[in-house]
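The block underneath contains the structure these notes are about, expressed in structure tokens.
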């Protein structure tokens, strides 16, 4: 996996994390892009909080930091995809003022 992360970082993938008591509690992998639909945007590929640390504010802290950085960088949108079965994550995103705006289709090659 390290080789994949290094390869992604070479293409602009960034990592951020929330740490408490020398333990990483939440991690986010994100990148910037631009397209006709959104203009300049931040896309969050990965947003994970340790299962034992959920509902303790670590994910919210990292989420808020990501949104602030996206605004600082002049992004017009903050986007991510979430698996259809991840109801807890969906509650979190909806509580944090995100809207469900599309279906993401996938074809494994």
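Throughout, read-outs are computed from the coordinates displayed, never taken from laboratory work. All values derive from a computational prediction rather than experimental measurement. Please note: Cβ atoms are built from the backbone with ideal geometry, for glycine as well, and neighbour counts cover all protein chains shown.
Calculate the FRET efficiency for residue 107 and residue 40 from the Cβ-Cβ distance with a Förster distance of 30 Å, rounded to the nearest 0.05.
On the way: r = 27 Å, r/R0 = 0.91.
Efficiency for this residue pair is about 0.65.
For Cα pairs less than 8 Å apart in space and 6+ apart in sequence, what is the mean separation divided by the residue count of region 2-95, i.e. the relative contact order in percent? List each step's numbers first, then the result.
Working: 115 pairs, mean separation 21.7, N = 94.
Answer for region 2-95 is 23 percent.
Working ranking of peptides 84-95, 1-12 by packing, defined as the average number of other Cβ atoms within 10 Å per residue, highest first, is 84-95, 1-12.
Once the Cβ-Cβ distance of residue 99 and residue 22 is raised to the sixth power relative to R0 = 30 Å, the FRET efficiency obtained is 0.25. Pairs of Cα atoms under 8 Å, at least six residues apart: use those to get the relative contact order of region 42-109, whole percent. It rounds to 35 percent for region 42-109.
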